[in-house]
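Taking it in order: structure first as structure tokens, then the write-up.
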Amino acid sequence: MKYLIANWKAHKTLDDVKDWIKIFKENLSSEFDQTTIILAASTPHLSFLKNEIEGLSNVYCSAQSVSDVYDGSYTGEVTAKALEGIASYCIVGHSERRTKGETQEQIDAQISNLKASKITPILCIRTVDDFPTGYSGIVAYEHPEAIGTGNNTDVNVVMEVFKNLNLSEDSTFLYGASVDENNCKEYLEHPEIKGFIVGTASLNPKQFIKIAEKI
Ligand code: PGA
């Protein structure tokens, strides 16, 4: 099974999401049955998206972040508990959040909250140093200098990171940062790389579908 994750970040309004999902569904093909497609939307759009993907096989919703508190009097926090039944996955540790001050301690708490709520974390790491000892599950390597720049990371560097991580057998290694329909092929030649997190090239549903076709 391969993975293809759309990370829309903070780019879309609800109307944009409506337009995106309409075109996506029109172009969805049974050829993608071997690919888990995950759509990471802004939290307010998740419920709508969840209804829209109802009945589609291998298509899931993801949150883009979650609180490090599990429940209680924390105004404005979006907890893993609140995401139950809405998001099947949640991105944690994205470089853009670490840059804003998110600590490893908070990321560890987010992962354990998600696990308690049976939501699968998609852990993003900028380097091997970001990888928490003992973690198993989905991990995506995304170097900040390659994110959103068009300068995707050389596949040999990605494979070096994969080797240094020494992941457990039940883990899934993904690559992200400037992936598009033209450069994805070189990564797919390495079976250790199980798929992608796609930011910029996921904003247009037709371009995103082209990557699914390559997979
Ligand atoms: P990008 O974003 O594809 O625009 O580089 C990827 C990400 O940040 O997840």
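The values are calculated or read from the model by the stated rules, or taken from the named source; none is laboratory data. Since this is a predicted model, take the numbers as computed values, not measurements. When we count neighbours, we look across all protein chains shown, and the Cβ atoms used for this are built from the backbone with ideal geometry, even at glycine.
Values for this structure:
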| item | result |
| --- | --- |
| Lone unmet requirement of (1) modelled with pLDDT of 95 or more; (2) more than 18 Å from Ile122 (Cα to Cα); (3) out of contact with any strand residue (DSSP E or B) (no Cβ under 9 Å at 6 or more places or on another chain) for Asp68 | (2) |
| Enumeration of residues in the stretch 106-118 that are away from the ligand (no atom under 16 Å from the Cβ) and under 23 Å from Asp170 (Cβ atoms) | Asp108, Ala109, Gln110, Ile111, Ser112, Asn113, Leu114, Lys115, Ala116, Ser117, Lys118 |
| Of residues in the stretch 81-105 being part of a helix (DSSP H, G or I) and small (Gly, Ala, Ser), the one nearest to the ligand (Cβ to nearest atom) | Ser95 |
| Count of the stretch 17-58 residues which are under 28 Å from Tyr141 (Cα atoms), of a type in the set (D, E, K, R) and surrounded by 14 or more Cβ atoms within 10 Å (Cβ to Cβ) | 1 |
| Residues located in the stretch 152-174, provided they are among the polar types (S, T, N, Q) and more than 19 Å from the chain's Cα centre (by Cα) | Asn156, Asn164, Asn166, Ser168 |
| Residue within the stretch 4-15 that is modelled with pLDDT under 95, out of contact with any Leu (no Cβ under 7 Å at 6 or more places or on another chain) and within 23 Å of Gln110 (Cα to Cα) present | no |
